[in-house]
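The values are calculated or read from the model by the stated rules, or taken from the named source; none is laboratory data. Just so you know, these numbers come straight off a predicted model, no measurement behind them. Neighbour counts run over all protein chains shown; Cβ positions are idealised from the backbone, glycine included. Ligands, DNA and RNA are excluded from the accessible area calculation, which covers all protein heavy atoms including side chains. Shrake-Rupley method; radii C 1.70, N 1.55, O 1.52, S 1.80 Å.
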Amino acid sequence: GPVGLSGVLLAKAFGGTVIGVDVVQERVELAAALGADVVINAADGDPVSAIRDGARSDGCELSFETSGSQAGRSTALSALGRGGKAVFVGFGGDDLVIDEHLLVLRELTLMGSLVLPMGQSHELADFLDKQGLSFEQIVTHQFGIEDADEAYRAADDSKTGKVVFVWD
């Protein structure tokens with residue numbers, strides 16, 4: 001979704017090799033268009049094996065999980081190599097996804113994140129400006145407020161990037 005796609009842009013700006021994973025083909029294609037080095041549709045098979053193949057190692061150094069789904073979070077942890085770090089952004093369901101054996105034996109670090117603090121928002125804006133980056137690429141749909149029902153249907157369909165309202 002839009003938060004994960006933002007992660008693609010930022011990881012590339014920091015020089016990372018990015019593997020984008022989603023279960024919606026339209027979003028997989030958008031991740032590729034935004035510069036992901038490898039894209040994987042997790043609905044097509046075993047995403048952990050595909051991620052490890054894409055990482056060309058025993059696993060990723062970092063994972064950034066934004067779907068909140070049990071499958072996505074489990075994949076984010078399972079795809080990490082020894083000493084890897086994962087960030088879960090936002091909330092998901094009530095299902096537990098942390099395999100303590102995986103966490104301990106691979107010496108993984110897990111961090112949760114709710115929102116960017118205001119001070120870091122300013123730093124992020126400065127960084128984006130210096131890098132010549134914009135999140136506008138992630139906006140795939142714009143609606144006037146009079147089309148709010150259609151906008152919410154589009155966003156709820158989960159086949160979009162960021163859906164925004166524009167005022168004239």
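The table below gives the values:
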| read-out | value |
| --- | --- |
| Residue among Gly83, Gly68 that is over 16 Å from the mean Cα position of the chain (by Cα), on the phi > 0 side of the Ramachandran plot and either modelled with pLDDT under 95 or not acidic (Asp, Glu) (or both) | Gly83 |
| Cβ pairs under 8 Å, 6+ apart, first in region 83-106 and open to solvent by 100 Å² or more (accessible area, probe 1.4 Å), second part of a strand (DSSP E or B) | Lys85/Glu61; Lys85/Leu62; Lys85/Ser63; Lys85/Thr109; Lys85/Leu110; Lys85/Met111 |
| Residue within region 111-121 that is in a helix (DSSP H, G or I) and either in contact (Cβ under 8 Å) with a residue 40 or more places away in the chain or within 16 Å of Ser6 (Cβ to Cβ) (or both) present | yes |
| Conditions (1) at pLDDT below 95; (2) open to solvent by 30 Å² or more (accessible area, probe 1.4 Å); (3) more than 24 Å from Phe91 (Cβ to Cβ): number failed by Gly16 | (2) |
| Residue that is farthest from the chain's Cα centre (by Cα) [pool: residues in region 18-48 that are of a type in the set (Val, Ile, Thr) and assigned to a helix (DSSP H, G or I)] | Val48 |
| Test result for Val115, within 25 Å of Phe14 (Cβ to Cβ), surrounded by fewer than 14 Cβ atoms within 10 Å (Cβ to Cβ) and out of contact with any Gly (no Cβ under 6 Å at 6 or more places or on another chain) | yes |
| Some residue of region 129-152 being touching a residue at least 24 places away in the same chain (Cβ under 8 Å), assigned to a helix (DSSP H, G or I), over 16 Å from the mean Cα position of the chain (by Cα) and surrounded by 15 or more Cβ atoms within 10 Å (Cβ to Cβ) | no |
